[in-house]
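Below: one structure, written as structure tokens.
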């Protein structure tokens, strides 16, 4: 076949595919397609028996694809020439890419085209398009409507699933809030006896000095009756000194009560300057006396080493206090368990220390218990994981402590050796945003 004739066939073939799948102007139809064209579209009901019917099919196809991003590429399968090169059959695999509502769909189409050379021009006289799977709708070219329907169904399913997940998430948040509050109240319950002990000390001072003052007032009245004014003044000074002590210890009891009320309340989320040394020391003593009140046989050595250069740091005191309390309570528990095992010469000890290191404050709670087995070290901060017997712990303590420290921009880590003990180190930034 002459080269020019071959080139004309290539152009007619390419233009026909552009008409069917691309954006070639419909005005080109009459220059490429025979008036007697017949064919079958990709839809099982698309039967073409005239040029007007073919143009209507193209118009419908373009109406349905309006607003879509469409592209295509084709790969020739075969080309056959016959009737002394006056007729040709071209078979092509076409990959049509459509973006439908942000979803990309690829559609594989096979199209067979029959060309006739007449009056020095190639014309398309017949075509047959087919998909890998037939389309049932008689007005759905290239399955666009079907894809939109499937996409709408998927969006409906996703919307329903999203609503279900949101409801589940809200329920989980509510449950988590209840668990957190339960954990706080449980820890407060553990402290009840310790609080009573701590309050008893200042109350004893208040009672004792009040009784002494009552006796001194009686003595001062006697001296005044005798006219010993100077002696009466001396007694008055003693009474004043005792009053200052009563005020001091009264305020001490008041501070303990306020601290525990703060501990039991939901966190306000507001950070405030806090003396971390005072906070750690207070919870150490409260935890110790709380356990002593529950179990008279419990005893332990407490060691503290507080860095006085720290001053105050910006934290949510009831939250960080809860973390420290949890670590101390756990430490007392493990040393008591080790003591009960009957190891000769064992002296249960818990140490609490603070240290300023560059722009951070380190709070360390250390025990000389049995340590954490290597097999569970990776699990200790997981929610609901506990090594305590059933009913003795919720497994939320360390998990909540981890979350609280992270929320403060800090870190919490554990160092442990089996048989020797465990140390938990809280690292908090000194300058945190409020």
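Values in this text are rule-based calculations from the coordinates and carry no lab data. None of the values given here were measured: they were computed from a predicted structure. Cβ sites come from the backbone with ideal geometry, for glycine too, and all protein chains shown count toward neighbours.
Cα centroid distance between region 357-378 and region 7-28, in Å? For region 357-378 versus region 7-28, the Cα centre distance is 75 Å. Normalised by residue number, the volume inside the convex hull of the Cα atoms of region 330-386 is 123 Å³ per residue.
Convex hull volume per residue, computed on the Cα atoms of region 3-139, equals 112 Å³.
By the gyration tensor of its Cα atoms, with a ≥ b ≥ c the square roots of the eigenvalues, what is the shape of region 271-315: rounded for a/c under 1.5, prolate for a/b over b/c, or oblate?
Numbers: a/c = 6.33, a/b = 2.20, b/c = 2.87.
Oblate, since a/c reaches 1.5 and b/c is not below a/b.
Length available on full extension from residue 245 to residue 80: 0.36 nm per residue minus the Cα-Cα distance, which gives 48.1 nm. For the pair region 407-428 and region 155-172, the centres of their Cα atoms are 38 angstrom apart.
Grab the Cα-Cα distance for residue 6 and residue 357, subtract it from 0.36 nm times how many residues apart they are, and report the gain in nm with one decimal. Don't jump to the answer; show the numbers that get you there.
Details: separation 351, 0.36 × 351 = 126.36 nm, distance 8.36 nm.
Extending this stretch completely gives an extra 118.0 nm.
Reported value for region 276-434: 117 Å³ per residue, from the convex hull of its C-alpha atoms. Among 35, 27, the order by Cβ neighbours within 10 angstrom, fewest to most, reads 27, 35.
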